Amino acid sequence: MFKTSSFTKRYVLALSITATLSTLAYFNLDKLISIQSDNSRLISISSRQKILAQQIAFHAIYYKIKNLKKNLILMESSHNLLISSPMTKALEHAYFSKPMMLDQKVKTYLKNAKSFEEHRDGKSLTYLLKHSNSLLLDLDKAVSLYLEQSRADTKKLKEFEFYIFILTLTTLFFEAILIFRPANKNINKKTQELTEEKDYSNAVIESSTNAIITLDKNLRIHTYNKMAEQIFGYTKAQMLHQSSFGKIVPQQYERLSQMGVENFIKTLKLDTTAEVLEVEGVNNRNQMFPIRISFGTSGENETVAIVANIQDISKEKLKDKLLQHQAKFAALGEMIAVIAHQWRQPLAELNFNCMYVRNKLKDPELIAEAQKNEDIIQFMSETITNFEDFYKNTKNTVFNPIVSINQALNILDSVLKLNQIKLIKHVDSKISIYGNSNTLAQVVLSILQNAVDIFKAKKIANPEIIISLKDVKKHIMLSIQDNAGGIEVSPVDDIFKPFNSKKIIKSTGIGLYMARMVIESKFNGSIKAGNVKSGAIFVILLPH
């Protein structure tokens, strides 16, 4: 087993050796650069002495005293710099020992040049002309010695650099064998374990039947599983590393923003029982649907994450709505039956009394009023009968769809008149279908009631409903058209999905969903919706 403390000690030792060697290499390189710079300067000065010696002789011949004086000063200062700089034994011997005695020769040459510059004497000029060439040869030898000195210094420093290089390679070799190899083996092992653990966690997250979404402290999404893709419609590429939680669960995003992420996390950690909320989610088509969401936390400190566990409860809510609708329908049927039972006898007696009184009356005006009362009582009795028939649990029979249309219209007759809605019927069908007439009447009533609600909400002028029923090949086609402005849902077919109501007046959002379910499952037919010039149209096809 690889021990962390042992690894640390070895690693510190290796780093110390490497740092020492790197420092030595740095100083050696710095010294090499410095020496090469100094040697280059000395070589340059030494070479310039040759040129200056020639120029002094030249200026002396042509009596260019001003230039001569300038070169004398420059050569003398350069010579003093050369003899004061560090020298090798060969250079010292060349400058201060026989046979060259270069220092003495240069000084004598400069002395005669100064004498000529001051007195213009022929003896000094003769010396300069006689000894200038021999001095040039000696100065040339001095340049060669400076070059040899530079090469020797460079060679020594390169050899030292090579030793440092070998030691560094050796150190790195032993680091690789004794430190990094076992460390790499241990790291690979740990990495494999972490990878397996992550793969397992990802498998659990991806296989979850709920949407799992994790958020960092900046509310950016870091985990977004397959179920989240299915529920909300957005892909991982669209959501990961984006601050997009607000567009799929806006209510909870606002709550997080208001509380602050840190306070929200503290609240979650203090509350051991996760709060389960039922809110609305929004999919990629901007459609809202019911979800159940709970929050938790994962990680600590800087790596802490908020984990949102989300369940689509559309089907659950739909089931509840359907059960409520069925229970409500059954309760209405029972209530209507009770009302019919309690009202029929009194209505019959009232009708009989009106007939009796009418037969006794002689005044035509009073007779007409009595007849009106009889008609009102008859209308009330027929209304009770219509409601009772509509909510009655009947069996499947062979019937003409005209029966269902009339049933629905009887229920809505007073509503249509109250809202001054013009009703146009083009009903011409002699073919019967098999099914439940009350069930089909409920579908027609649902579509008509939707139209009435929209007429009232939008305050449509001259509202109109056209009902058409005709026989076509293999089907009976029932269409209901209005002039209420059309369907605003896109695509239009989504209007048959549950909880997709765009009506201003609050509704259950399942009326048209149930209508399609009834037409398809109970009648083996189809129902489609579309927009026409001034409104919407629903077309129902029922097989013969």
How are the alpha carbon pair distances in the range 402-463 distributed across 10 Å bins from zero to the largest one, expressed in percent?
20, 50, 24, 6
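Using the crude model of +1 on Lys and Arg Cβ and -1 on Asp and Glu Cβ, and no other charge, please compute the dipole size for the range 443-497 relative to its Cα centre, in debye to 20. Don't skip to the answer; put the middle values down first.
On the way: 7 positive and 7 negative charges, 26 e Å.
The dipole of the range 443-497 has a size of about 120 debye.
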Just read off the accessible area of HIS222 with the full protein assembly in place, 1.4 Å probe, to the nearest 10 Å².
90
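Leaving ligands and nucleic acids out of the surface, order ILE433, ILE454 by accessible area at 1.4 Å, largest first. Walk me through the numbers on the way to the answer.
On the way: ILE433 5, ILE454 50 Å².
The residues order as ILE454, ILE433, largest area first.
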Averaging over all projection directions, find the projected area of the Cα convex hull of the range 8-95 and quote it in nm² with one decimal place.
8.0
Accessible area of TYR63 in the full protein assembly, 1.4 Å probe (Å², nearest 10):
120
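Nearest 5 percent is fine: what portion of the DSSP beta bridges confined to the chain is antiparallel? Working shown, then result.
Working: 47 of 54 bridges.
DSSP beta bridges in the chain are roughly 85 percent antiparallel.
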Calculate the spin-label point distance for LEU366 paired with ALA305, positioning each point 7 Å from the Cα along the beta-carbon direction, and give it in nanometres.
9.1
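Among the listed pairs LYS50/LYS114; LYS315/LYS395; LYS69/LYS111, which are separated by more than 21 Å between their Cα atoms? Show your work: numbers first, answer last.
Working: LYS50/LYS114 17 Å; LYS315/LYS395 28 Å; LYS69/LYS111 12 Å.
Correct reply: LYS315/LYS395.
Cβ neighbours within 10 Å, averaged per peptide: list 194-205, 439-450, 37-48, 478-489 in order, most packed at the top.
Details: 194-205: 11.2, 439-450: 21.8, 37-48: 15.8, 478-489: 19.5.
Final packing ranking: 439-450, 478-489, 37-48, 194-205.
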Please report, largest first and rounded to whole Å, the three semi-axes of the ellipsoid equivalent to the range 78-164, where each semi-axis is the square root of five times an eigenvalue of the C-alpha gyration tensor.
35, 11, 10
quick shape note, the chain: Cα extents on principal axes in Å, largest first -> 180, 68, 49
Answer with one residue from THR195, LEU169, ASN286: the one whose Cα lies farthest towards the positive end of the charge dipole of the chain, charges on Cβ with Lys, Arg +1 and Asp, Glu -1.
LEU169
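Suppose every Lys and Arg Cβ carries +1 and every Asp and Glu Cβ carries -1, with no other charges. What dipole size does the chain come out with about its Cα centre, to the nearest 20 debye? The partial results should precede the final answer.
Details: 70 positive and 53 negative charges, 580 e Å.
That gives the chain a dipole magnitude of about 2780 debye.
Determine, for each peptide in 358-370, 78-90, the mean count of other beta carbons within 10 angstrom over its residues, then list the peptides with the highest first. Don't jump to the answer; show the numbers that get you there.
Values: 358-370: 11.7, 78-90: 14.3.
Per-residue mean Cβ counts within 10 Å order the peptides as 78-90, 358-370.
What fraction, in whole percent, of alpha-carbon pairs in the range 34-138 exceed 19 Å separation? Show your work: numbers first, answer last.
Working: 2318 of 5460 pairs.
Of the Cα pairs, 42 percent sit more than 19 Å apart.
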Can you show me the helix-derived [θ] at 222 nm for the chain, built from DSSP H runs with n ≥ 4 at -39,500 (n - 2.57) apiece and divided by the number of residues, rounded to the nearest 500.
-22000 deg cm²/dmol
Cα Rg, Dmax (largest Cα-Cα span) when computed across the range 191-244, Å:
11.9, 34
For the range 47-95 versus the range 430-453, the gap between their alpha-carbon centres in whole angstrom:
124
note: the range 92-242, Cα-Cα separations exceeding 18 Å make up a percent value of 79
Work out, step by step, the length gained on full extension between GLN449 and ASN359: first 0.36 nm times the residue separation, then minus their alpha carbon distance; give nm to one decimal.
28.2 nm
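Would you kindly give the portion of the calculated P(r) for the range 44-105 that falls above 13 Å, as a percent of all Cα pairs? Display every interim value, and only then the final one.
Details: 1234 of 1891 pairs.
The share of Cα pairs beyond 13 Å in the range 44-105 comes to 65 percent.
The values are calculated or read from the model by the stated rules, or taken from the named source; none is laboratory data. Only a predicted model underlies this, so the values are computations on that prediction, with no experimental measurement involved. All Cβ positions, even for glycine, are placed from backbone atoms using ideal geometry, and neighbour counts span all protein chains on display. For the accessible areas, the whole protein counts, side chains as well, though only heavy atoms, and no ligand, DNA or RNA atoms are used. Shrake-Rupley method; radii C 1.70, N 1.55, O 1.52, S 1.80 Å.
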